[in-house]
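Below you will find the structure I want to go over with you.
Throughout, read-outs are computed from the coordinates displayed, never taken from laboratory work. What you are looking at is a predicted structure, and each value in this text was computed from that prediction instead of being measured. Because the Cβ atoms are built from the backbone with ideal geometry, glycine has one as well, and the counts that use them run over all protein chains shown.
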Ligand SMILES: [Zn+2]
């Protein structure tokens with residue numbers, strides 16, 4: 001077993017030992033809302049938005065983008081589990097601002113190993129072989145955080161499977177202060 005796996009299981013044993021009254025939480029989020037946010041390891045939605053188990057849905061992906069799959073989750077969140085207020089939270093210093101579709105496709109075409117980054121951008125140092133499958137993926141990169149929040153809120157609000165009366169709030173989380181700053 002890897003070191004990380006051992007650490008995860010030890011942490012889980014301690015968590016489960018003190019599970020208490022969380023055993024009987026209902027499936028629908030108790031506070032009736034959902035957050036779409038980035039997978040960035042510095043963001044902890046439970047902490048930055050004050051969530052306890054059972055409170056809210058959190059949908060995460062690279063960038064916190066309103067991808068088809070993020071919208072799939074939000075539609076399930078409302079239609080089957082009753083959330084009726086949503087947040088889109090992007091953040092400062094997002095990795096999705098550091099590359100373009102073209103860069104990502106080029107890196108993947110060279111190798112599948114982790115690429116290196118420096119002041120001149122991303123470089124592939126892997127041994128190969130890579131794959132051109134990356135050409136078929138829209139990586140949903142970000143060039144302007146405010147614009148990406150606005151575009152994603154608009155896409156969600158305008159989506160035919162999303163009722164028009166669901167408030168969708170747009171915020172940028174500041175990685176230096178922990179604050180949520182409103183975009184719209
Ligand atoms: Zn990010």
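Applying a 10 Å radius around every beta-carbon, put 3-15, 142-154 in order of their mean neighbour count, most first. If you can, show how the numbers build up before the last one.
Values: 3-15: 9.6, 142-154: 17.8.
Taking the mean over residues of other Cβ atoms within 10 Å, the ranking is 142-154, 3-15.
What percentage of all Cα-Cα pairs in the chain are separated by more than 31 Å? Show your work: numbers first, answer last.
Working: 4956 of 16836 pairs.
That fraction is 29 percent.
Okay, helix-only estimate at 222 nm for the chain: each DSSP H run of n ≥ 4 adds -39500 (n - 2.57), divide by all residues, round to 500 deg cm²/dmol; what do you get? Each step should come with its number before you reach the end.
Values: 5 runs with 55 residues, N = 184.
Roughly -9000 deg cm²/dmol at 222 nm, from the helical runs in the chain.
Here's a follow-up. Roughly how large, in nm² to one decimal, is the mean projection of the convex hull of the alpha-carbon atoms in the range 84-184? Walk me through the numbers before you get to the answer.
Values: hull surface 32.9 nm².
Computed as one quarter of the Cα hull surface, the answer is 8.2 nm².
Quick one: go through the range 75-105 and flag any residue whose amide nitrogen is under 18 Å from the point 7 Å out along the Cα-to-Cβ line of residue 137.
Residues passing the 18 Å test: 95-105.
Provide 21, 135, 124 in ascending order of the number of other Cβ atoms located within 10 Å of each residue's Cβ, fewest first.
In order of increasing Cβ crowding within 10 Å: 21, 135, 124.
May I pose another question? Which distance in nm do the two modelled labels at residue 52 and residue 116 give, with both placed 7 Å along the Cα-to-Cβ direction?
Computed distance between label sites residue 52 and residue 116 equals 4.9 nm.
While we're here: Could you tell me how many degrees, from 0 to 90 and to the nearest 10, lie between the Cα long axis of helix 145-158 and the main elongation axis, the longest principal axis, of the Cα atoms of the chain?
Taking Cα atoms only, the helix is inclined about 50 degrees.
By how many degrees, between 0 and 90 and to the nearest 10, does the Cα long axis of helix 68-79 differ from the longest principal axis of the chain?
0
For the chain, take the longest principal axis of its alpha carbons; what is the angle in degrees between that and the long axis of helix 101-110, to the nearest 10 within 0 to 90?
60
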